[in-house]
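For reference, the structure discussed in these notes is given below.
Derivation of every value follows stated rules applied to the coordinates shown; laboratory data play no part. From a predicted model like this one, the values you see are computed outputs, not experimental measurements. We place every Cβ from the backbone using ideal geometry, glycine too, and count neighbours over all the protein chains shown.
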Amino acid sequence: MSKLDNPANRTLTLERTFDAPLALVWEAWTNPKHIANWWGPKGMQTKVLEHDFKEGGSWKYAMTMPDGNEFIAEGTYKEIVAQERIISSADFKPMTEGVEIQAIFKADGDKTLFTFHCVHETEEYCKQQEQMGFYNGWGSVFDRLGEFVQSA
């Protein structure tokens, strides 16, 4: 595999430890009633339009920004291993398209170790997304998830 083909050069990663048991974090991630409470950066409202949680199933969320502009987040589940990982295609139109997101969950006593990878088609696109604020945006999403599971 050449350096250019290496997914590590096209992947942005965030890690979190949630102060909640794995079953609760998994439920927050996979239950559409809960997703609307945390999905999206702070200040955004999310409406779950579609959530067919199975391999090959689709998901689609409408996200409204504080200024009233709306964008669509959608994808198709590629792999689901209960309480372990979710791999999905993802488009966040109009900002990001054609990525794969990988959510990896691991129990650590009464806490959950969480790793999130976003794999881009090219290294150049990956760098562009990082500069556009990947870490701030997704970091805010996972801060909201952490607050949600702690209040559950």
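Computed quantities for the displayed model
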quantity	calculated
Filtered residues of the stretch 114-135 (kept if of a type outside the set (D, E, K, R) and free of Cβ contacts under 8 Å to residues at least 24 places away in the same chain)	128, 131, 133
In the stretch 17-47, residue farthest from residue 92 (Cα to Cα) [restricted to those that are out of contact with any Ser or Thr (no Cβ under 7 Å at 6 or more places or on another chain) and part of a loop (DSSP other than H, G, I, E, B)]	19
Residues being in contact (Cβ under 8 Å) with a residue 24 or more places away in the chain and surrounded by fewer than 17 Cβ atoms within 10 Å (Cβ to Cβ) - total across the stretch 53-79	4
Condition check for residue 13: buried (at least 17 other Cβ atoms within 10 Å of the Cβ), in contact (Cβ under 8 Å) with a residue 24 or more places away in the chain and outside any helix (DSSP H, G or I)	no
Members of the stretch 115-141 that are in a strand (DSSP E or B) and either farther than 23 Å from residue 45 by Cβ or charged (D, E, K, R) (or both)	115, 117, 119
Residue list for the stretch 69-84, restricted to those being assigned to a strand (DSSP E or B) and farther than 13 Å from residue 100 by Cα	70, 71, 72, 80, 81
Looking only at the stretch 123-152, and only at residues there that are within 23 Å of residue 72 (Cβ to Cβ) and polar (S, T, N, Q), the one that is surrounded by the fewest Cβ atoms within 10 Å (Cβ to Cβ)	131
